[in-house]
Amino acid sequence: MEEVCHPKLEGFEPESIFNFYKLYYCTLSENSTIFIPLTVCIFLGCMYLLGSTADEYLSNALESIAKNLKISETISAITLLALGNGAPDIFASFSAAGSSEGIYLSLSSSMGGVLFIIAIVTSIVIFTAGDNQVTTDKSVFYRNILFLITAILLLLFSGVIRRRIDLATCALLIFIYIVYIAFVVVHDNKEEAMKAKRAWMFNELKETSFKKMNRSEFLNLMDDENAYFQNINPSGEISGTSSVIYEGEEIKPEEMLHFSIESANGSNNHKQNGNMDKLVDGLKETAWANAKHVVFQNNTTNASKYKSMSFIEFLASYIPLRRMTIPMTKREEWNRNLDSCTPFMSVLFFLLVSGLFNPFSPIQIIILSSALCVSVIIRFNTYASEPPGSPVPGMMIFQAFIMSIVWIWTLANIVVDLITIYGDILGVSPSILAATLLAIGNCVGDAMASFSIAKKGYGGMAMMGCFACPLFNFLIGLSLSSSRLLLFAPEDPNESLLTRSIKFDLLSSKATVVLFGALTILCILALFIILVPRNKFKFSSKQAIVRLSAYGCFILGLVYLLFT
């Protein structure tokens with residue numbers, strides 16, 4: 001048995017490929033002046049790579065899988081693409097749950113992430129879109145809020161009443177998300193049917209002689225067909241948040257040319273009819289402007305792309321290790337020199353990071369030799385300008401999916417190990433660091449995406465994503481973390497899997513951060529339920545300030561725990 005250089009290392013097994021405990025306690029002799037700056041750079045780099053790997057590689061692979069399997073957009077959005085967006089949070093939680101104590105670290109990260117999104121990110125969306133400019137559908141609002149509340153209450157029931165987590169709890173978490181998917185699909189089908197009806201109605205409306213239609217007839221048509229506009233104010237100006245579907249293009253009311261309809265009883269028909277024509281012309285021009293915007297936005301040159309890169313992004317683009325292990329999933333991303341390396345490099349990388357690499361193993365020699373032959377064949381039997389096969393070979397898509405998971409898992413393990421050792425060095429509970437540093441780091445990508453969506457005028461979409469994403473991360477992350485403990489770290493290994501359970505006590509001192517976070521989430525969700533309906537389902541800056549204050553109270557509570 002290898003002699004340990006420090007008592008802290010006795011029985012310690014790092015989650016990541018690097019033993020940071022050995023580096024700190026043995027190699028650097030507990031010199032935190034050197035260790036912390038060095039590892040902070042590693043931590044920040046890993047956090048960036050976590051987000052970019054999920055965004056640039058895993059999400060693309062999952063999107064390609066959804067297209068190849070012909071999965072509907074709704075199902076893929078709330079399953080596969082949700083996994084792509086939430087992978088850093090889920091795998092960080094899964095990695096943290098390496099022991100019965102780790103479940104509290106895992107949940108601290110989840111609670112911190114949910115809090116940051118529903119308090120900070122939603123406020124960013126409101127301030128970006130403007131006061132009272134973000135509205136939501138009533139049924140969608142209540143659906144997302146109530147499912148999130150249900151998930152938190154289940155956690156409290158398991159940790160306060162039962163004080164155990166078993167296989168039935170894990171299954172129930174998955175079942176809740178399946179029910180959520182069912183609700184989303186049903187609502188989406190209704191919306192699609194309504195859009196088709198609206199498109200048909202507008203085509204009928206275009207061909208109608210407006211000169212024969214007065215103001216009251218027009219408004220009746222709008223009302224009878226559950227029309228495009230939620231509100232038409234007394235001056236006849238379009239307002240509200242509903243959209244018009246024109247030749248397959250969705251046009252928001254705030255983008256339309258405003259028009260006015262005279263309120264006189266049939267008088268001034270000429271002006272009224274002219275305004276009707278302006279409406280149709282405005283819709284046509286707006287559709288064309290939007291189409292041009294989409295075309296030019298999607299055909300940005302590589303030069304402008306690199307001009308907008310940050311230094312870290314620029315540096316990462318010139319470190320080909322990740323690209324040499326994850327193949328492309330889109331034809332335009334084909335690079336023969338890099339993609340031909342992926343069969344050999346992905347196998348070698350997997351063996352190294354999993355700790356299985358043995359250069360003297362006959363089986364590994366055969367596997368690596370075969371992978372090398374495949375790489376050579378791809379390099380010298382493909383064109384530089386296009387990938388083999390049309391569309392992209394399914395094997396490359398599957399390989400991209402697997403290797404993206406391997407990268408995210410490896411990076412998440414490094415981040416969790418660093419959070420743990422920082423807690424030991426600084427004398428801070430790792431749960432506090434997980435609920436703040438790790439959670440915020442994992443959510444920065446979501447915050448930037450929501451900011452970008454809201455800036456383009458889709459505040460409602462960004463706001464609803466702030467509820468759907470945390471729900472997926474929490475339910476799936478907790479289920480996977482608990483399942484890992486039940487399978488690999490049970491209290492009684494001889495007990496049947498179906499009857500196994502792990503201790504989970506939210507009233508213990510180790511779970512203070514988790515309990516405090518869960519209660520704060522419930523308070524913020526209650527504020528949503530109280531304030532948003534009162535404001536006609538519009539999100540205001542005053543509501544945002546209240547949520548920010550609630551998050552500030554959470555941080556102050558953590559500071560209090562830190563010093564007590």
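The values are calculated or read from the model by the stated rules, or taken from the named source; none is laboratory data. In this text, all values refer to a predicted model and were calculated from it rather than measured experimentally. Cβ sites come from the backbone with ideal geometry, for glycine too, and all protein chains shown count toward neighbours. Please note that ligands, DNA and RNA were not included when accessible areas were found on the heavy atoms of the full protein model with its side chains. Shrake-Rupley method; radii C 1.70, N 1.55, O 1.52, S 1.80 Å.
With r defined as the distance between the Cβ atoms of LEU321 and LEU153 and R0 fixed at 41 Å, what FRET efficiency is calculated, to the nearest 0.05? Mind dumping the intermediate values first?
Details: r = 44 Å, r/R0 = 1.08.
Efficiency, rounded to the nearest 0.05: 0.40.
Annotation: MET47 carries an accessible surface of approximately 20 Å², with a 1.4 Å probe and no ligand, DNA or RNA atoms counted. In this structure the amide hydrogen of ARG164, modeled in the peptide plane, comes within under 5 Å of the amide hydrogens of PHE504, none closer than 5 places in sequence on its chain. Given R₀ = 60 Å, what would the calculated FRET efficiency be for ILE367 paired with THR33, taking r from the Cβ atoms and rounding to 0.05? So the FRET efficiency works out to roughly 0.85.
Relative contact order of region 426-509: 13 percent, from C-alpha pairs under 8 Å at least 6 residues apart in sequence. Evaluated at q = 0.10, 0.19, 0.21, 0.23 Å⁻¹, the base-10 log of the normalised Debye intensity for region 13-131, with identical point scatterers placed on the Cα atoms, takes the values -0.48, -1.20, -1.26, -1.29. Taking 0.36 nm per residue of separation and subtracting the current Cα-Cα distance, fully stretching the chain between ILE75 and PHE183 would add 37.8 nm. Stretching the chain fully between PHE175 and ILE377 yields a gain of 68.2 nm (0.36 nm per residue, less the alpha carbon separation). Each listed q (0.25 Å⁻¹) maps to a log10 I(q)/I(0) for region 13-59, found by the Debye formula over equal Cα scatterers with no solvent: -0.91. A Förster radius of 22 Å, combined with the Cβ-Cβ distance separating LYS455 from ASP137, puts the computed FRET efficiency at roughly 0.55.
Extension gain for LEU487 to SER354 (0.36 nm times residue separation, less C-alpha to C-alpha distance): 46.0 nm.
For region 372-525, the solvent-accessible area works out to 42 Å² per residue, with a probe of 1.4 Å and every protein chain left in place. Each label was represented as a point 7 Å from its Cα along the Cα-to-Cβ direction; for ARG534 and ASN19 these points are 5.9 nm apart. Note on LEU556 and VAL160: their simple-model spin labels are 2.2 nm apart, each label 7 Å out from Cα toward Cβ.
Protection proxy ranking, highest mean first, for peptides 86-97, 550-561: 86-97, 550-561, where packing is the per-residue count of other beta-carbon atoms within 10 Å, averaged.
In this simple spin-label model, placing a label point 7 Å from the Cα along the Cα-to-Cβ direction at both GLU333 and CYS26 gives a separation of 3.9 nm. For the peptides 429-436, 508-515, the ranking by mean Cβ contacts within 10 Å, running from highest to lowest, is 429-436, 508-515.
Annotation: THR382 carries an accessible surface of approximately 20 Å², with a 1.4 Å probe and no ligand, DNA or RNA atoms counted.
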